[in-house]
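Report on one structure; see the data block that follows.
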Amino acid sequence: MRSTGGTNPGRVGVSGCSYLNDHHVENDATITQKVQSLRIDNPAGQIMIHAGDTGGGVVVHRDIDYHIDQPPTPGQTVTGGVLDLTSGCGDSCGIAYDVTVPASVAVTVVDHAGEVSVAVPNGAHAVDASSKAGARTVDVPYDPAASHHVKVSSDAGAVSVTSA
């Protein structure tokens with residue numbers, strides 16, 4: 001999702017598998033580097049993304065469920081203004097993300113198994129939503145020239161885009 005301003009939060013939700021609950025740990029981080037785009041690659045877990053006042057940084061909270069001996073070390077790197085968040089554990093964990101970003105940050109979510117829900121600010125959006133195995137619902141005004149862009153997909157799960 002790309003939001004170019006306003007105070008309405010954008011949210012992305014991804015539901016994943018819940019069998020990965022042998023162990024649990026929480027992890028918080030504040031990224032103070034300049035971030036123009038956020039990418040999350042997560043094999044399983046819910047993802048909530050909020051546009052908000054963060055003082056220009058990105059605030060990340062992770063709830064990690066895992067079934068390996070040691071807690072995974074999720075990846076986070078900033079390269080050329082792109083913040084990449086990765087699980088660091090393949091199929092051995094599920095991570096629920098709660099991320100707050102400045103409203104202008106573009107967001108891409110790669111989901112391998114789960115539902116993808118996006119709540120966007122009111123107004124027209126250029127939306128590309130698809131699912132290989134699940135329902136597709138888009139309930140926002142569509143305008144291919146809109147400044148707000150949303151691209152969501154799921155390999156296995158429903159996809160919905162609605163107004164916040």
Selection over region 33-49 where residues are open to solvent by less than 40 Å² (accessible area, probe 1.4 Å) and under 18 Å from VAL110 (Cα atoms) yields a count of 9
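Looking at GLY157, GLY134, can you tell me which residue is in a loop (DSSP other than H, G, I, E, B), under 18 Å from ILE47 (Cβ atoms) and more than 16 Å from the chain's Cα centre (by Cα)? Please lay out each step first, then the result.
Details: GLY157 fails: more than 16 Å from the chain's Cα centre (by Cα).
The conditions single out GLY134.
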Out of curiosity, is THR77 of a type in the set (Ser, Thr, Tyr), modelled with pLDDT of 80 or more, open to solvent by 20 Å² or more (accessible area, probe 1.4 Å) and in a strand (DSSP E or B)? yes
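I'm trying to understand the selection: among the residues of region 80-89, which are open to solvent by less than 50 Å² (accessible area, probe 1.4 Å) and either part of a strand (DSSP E or B) or of a type in the set (Lys, Arg) (or both)? Before the answer, list the steps.
Of region 80-89, the ones open to solvent by less than 50 Å² (accessible area, probe 1.4 Å) are 81-85, 87, 89.
If the condition is that a residue be open to solvent by less than 50 Å² (accessible area, probe 1.4 Å) and either part of a strand (DSSP E or B) or of a type in the set (Lys, Arg) (or both), then VAL82, LEU83, ASP84, LEU85 are the ones that fit.
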For region 50-69, how many residues meet the condition of being over 16 Å from ILE40 (Cα atoms), open to solvent by 40 Å² or more (accessible area, probe 1.4 Å) and in a strand (DSSP E or B)? 1
If I filter region 90-105 for residues that are of a type in the set (S, T, N, Q) and open to solvent by less than 20 Å² (accessible area, probe 1.4 Å), do I get at least one hit? no
Say we look at region 1-24 and pick out the residues that are surrounded by fewer than 14 Cβ atoms within 10 Å (Cβ to Cβ) and in contact with a Phe, Trp or Tyr (Cβ under 9 Å, 6 or more places away or on another chain); which of these is modelled with the lowest pLDDT? ASN21
Please verify whether ILE40 is assigned to a strand (DSSP E or B) and in contact with a Phe, Trp or Tyr (Cβ under 8 Å, 6 or more places away or on another chain), treating the condition exactly as stated. yes
Within region 137-154, of all residues that are open to solvent by less than 50 Å² (accessible area, probe 1.4 Å) and assigned to a loop (DSSP other than H, G, I, E, B), the one nearest to VAL109 (Cα to Cα) is HIS148
Taking PRO72 and the conditions (1) in a loop (DSSP other than H, G, I, E, B); (2) over 18 Å from VAL110 (Cβ atoms), which numbered condition does it fall short on, given that it satisfies the others? (2)
Assuming ASP28 fulfils every condition listed in (1) modelled with pLDDT of 75 or more; (2) surrounded by 15 or more Cβ atoms within 10 Å (Cβ to Cβ); (3) over 24 Å from VAL140 (Cα atoms) apart from one, which condition is it? (2)
Close pairs (6 angstrom Cβ cut-off, 6 or more residues apart or separate chains): without any contact (Cβ under 8 Å) to a residue 40 or more places away in the chain and farther than 11 Å from GLU26 by Cβ in region 51-75, in a loop (DSSP other than H, G, I, E, B) and of a type in the set (Gly, Ala, Ser) anywhere: PRO72/GLY88; THR73/GLY88; GLY75/GLY88
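Of the residues in region 78-102, how many are in contact (Cβ under 8 Å) with a residue 60 or more places away in the chain and β-branched (Val, Ile, Thr)?
Our first condition is that a residue be in contact (Cβ under 8 Å) with a residue 60 or more places away in the chain; within region 78-102, this holds for 92-94, 99, 101-102.
This time we only want the ones that are β-branched (Val, Ile, Thr), so: 99, 101.
Selection size over region 78-102: 2.
The values are calculated or read from the model by the stated rules, or taken from the named source; none is laboratory data. This structure is a prediction, so every number in the text was calculated from the model and none was measured. FYI the Cβ positions are ideal-geometry reconstructions off the backbone, even for glycines, and counts take in every protein chain you see. These accessible areas exclude ligands, DNA and RNA; they are computed on the full protein's heavy atoms, side chains included. Shrake-Rupley method; radii C 1.70, N 1.55, O 1.52, S 1.80 Å.
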